[in-house]
Structures are given as C-alpha cells and as structure tokens.
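To start, the structure itself, in structure tokens.
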Amino acid sequence: MHEQPEVTSLPLPRVVLVTDRSLLPPGRGLLATVRECTAAGLRAVVVREHDLSVHARALLLRDLARIDGLMVISSRSPCLTAHGLHLAAHQPAPRSGRWGRSCHSRQDVARAAGEGAAWATLSPYAPSRSKPGRPPLPADSWAGHPVPVLALAGVDATNARAAIEAGAHGVAVMGAVMRADDPASVVAQLLGEVG
C-alpha cells in the first residue's frame with residue numbers, strides 16, 4: 001500500500017503547470033515534458049488527463065510523483081501517490097487531505113476556503129483558447145482572498161507578472177507550456193516574471 005507523500009508544510013509555488021497531453025506537439029510525451037519543466041524550476045503540476053483509464057492515470061501520477069522536488073496534484077480524482085487534489089467547481093469538499101478548487105468568482109473562492117481548501121484557481125484571467133467567449137474577470141478579482149489564488153486561463157510570460165501585481169499568489173498555466181516547442185524555456189520565463 002502506498003502512503004500519500006507529506007507535503008502539507010510546503011507552500012504553493014507561484015507557477016503551477018496544468019497538464020493536457022492532447023496539446024503537446026507531435027512526438028512529445030507528457031512525462032518527459034514535465035521532467036524538462038521541473039529541471040527548469042517547475043515545482044507543482046496539476047494532472048488532468050481525465051480520458052485515461054483509472055489504472056493508466058494512477059501510473060502516470062505515480063511516475064510524476066517520483067520526480068524530485070515536484071508537487072503532484074491530481075485533478076478531480078483522489079490518488080494515493082499525489083500530494084493533493086484539485087476539485088472542479090461543482091465537486092464537494094473531501095473529508096481529508098490537502099485540496100484546492102477551480103473557482104470563477106470571489107464568492108467561489110470564499111466558499112472553497114470556508115470548506116477547507118488550501119488554494120484556489122480563479123479564471124478566466126485573460127482571453128483563452130480553452131475558454132472561448134468568456135471575458136476575463138475584473139482587475140480587482142485577484143487580491144484579498146483567504147487562501148492563495150492562482151490566476152488561470154490565458155496566462156503566459158507576457159501577463160504573468162501583471163497577475164501577481166494585481167494580487168494573485170501565482171499563476172496556473174496550461175496552453176502556453178503544453179503547446180510550446182520548448183516548454184522548459186516557457187517555464188523559465190514564467191518563473192522569471194513572477195519572481
């Protein structure tokens with residue numbers, strides 16, 4: 001039986017990668033991509049890949065959790081080898097463990113914090129291919145939350161610093177890294193921007 005790694009003392013990093021292997025350029029693998037990004041300084045990843053079988057996804061999470069220095073967060077489904085769980089907006093709070101939630105308003109973040117969330121993503125930050133037609137949240141949406149908030153959707157190296165300056169704890173990035181020919185360099189740029 002695997003025990004969940006102990007990471008409750010680790011702070012949430014300022015750059016978090018959200019995976020979607022369908023966005024990777026041809027010939028790129030997800031595990032190798034995350035390893036390259038970790039070598040460039042990435043310290044946390046939210047693993048989506050909801051189309052995988054339960055077994056295949058568990059193996060992926062296990063392999064990612066073996067990367068030194070990387071906090072692995074499972075999206076929507078708990079996994080014993082993950083360091084935490086990231087819930088969709090509609091999912092109920094778990095009874096235990098470290099978790100966060102996808103939020104779309106200040107009220108959503110307050111509700112998640114009241115239920116015990118350790119962090120929240122808040123979206124959309126900017127126009128995004130993954131959320132077409134959804135306008136960005138107002139500029140005053142990012143500061144003053146009871147838990148660390150990660151700006152999500154449309155985040156890249158050109159606007160990550162502005163998210164921090166607006167009050168976000170950090171950024172959660174998917175497309176800008178997953179679609180890149182050199183994802184590690186994008187992560188390095190993002191880390192340079194957020195400080």
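The values are calculated or read from the model by the stated rules, or taken from the named source; none is laboratory data. Note that the structure is predicted; figures quoted are calculated from it, not measured. Because the Cβ atoms are built from the backbone with ideal geometry, glycine has one as well, and the counts that use them run over all protein chains shown. In case anyone asks, the SASA skips ligands and DNA or RNA and just uses the protein heavy atoms, side chains included. Shrake-Rupley method; radii C 1.70, N 1.55, O 1.52, S 1.80 Å.
Some notes on this structure:
- Comparing mean-square fluctuations of ALA168, ALA143, ALA160 from a GNM of the chain with C-alpha springs under 10 Å, the top value falls on ALA143.
- Accessible surface of segment 60-104, 1.4 Å probe: 49 percent of it comes from carbon and sulfur atoms.
- Split the accessible area of segment 134-177 by element, probe 1.4 Å, and carbon with sulfur accounts for 59%.
- Extension gain for ASP108 to ARG134 (0.36 nm times residue separation, less C-alpha to C-alpha distance): 7.7 nm.
- For segment 121-138, the residues whose backbone nitrogen is under 18 Å from a point 7 Å from the Cα of ALA88, taken along Cα to Cβ, are 121-124, 130-132.
- Accessible area per residue in Å² at 1.4 Å probe, computed on segment 47-129: 48 Å²
- Longest exposed-site-free window of the chain, the sites being trypsin sites (Lys or Arg not before Pro) in a DSSP loop that have at most 16 other C-beta atoms within 10 Å: 130-178
- Taking all protein chains into account, the per residue accessible area for segment 141-192 stands at 36 Å² (1.4 Å probe).
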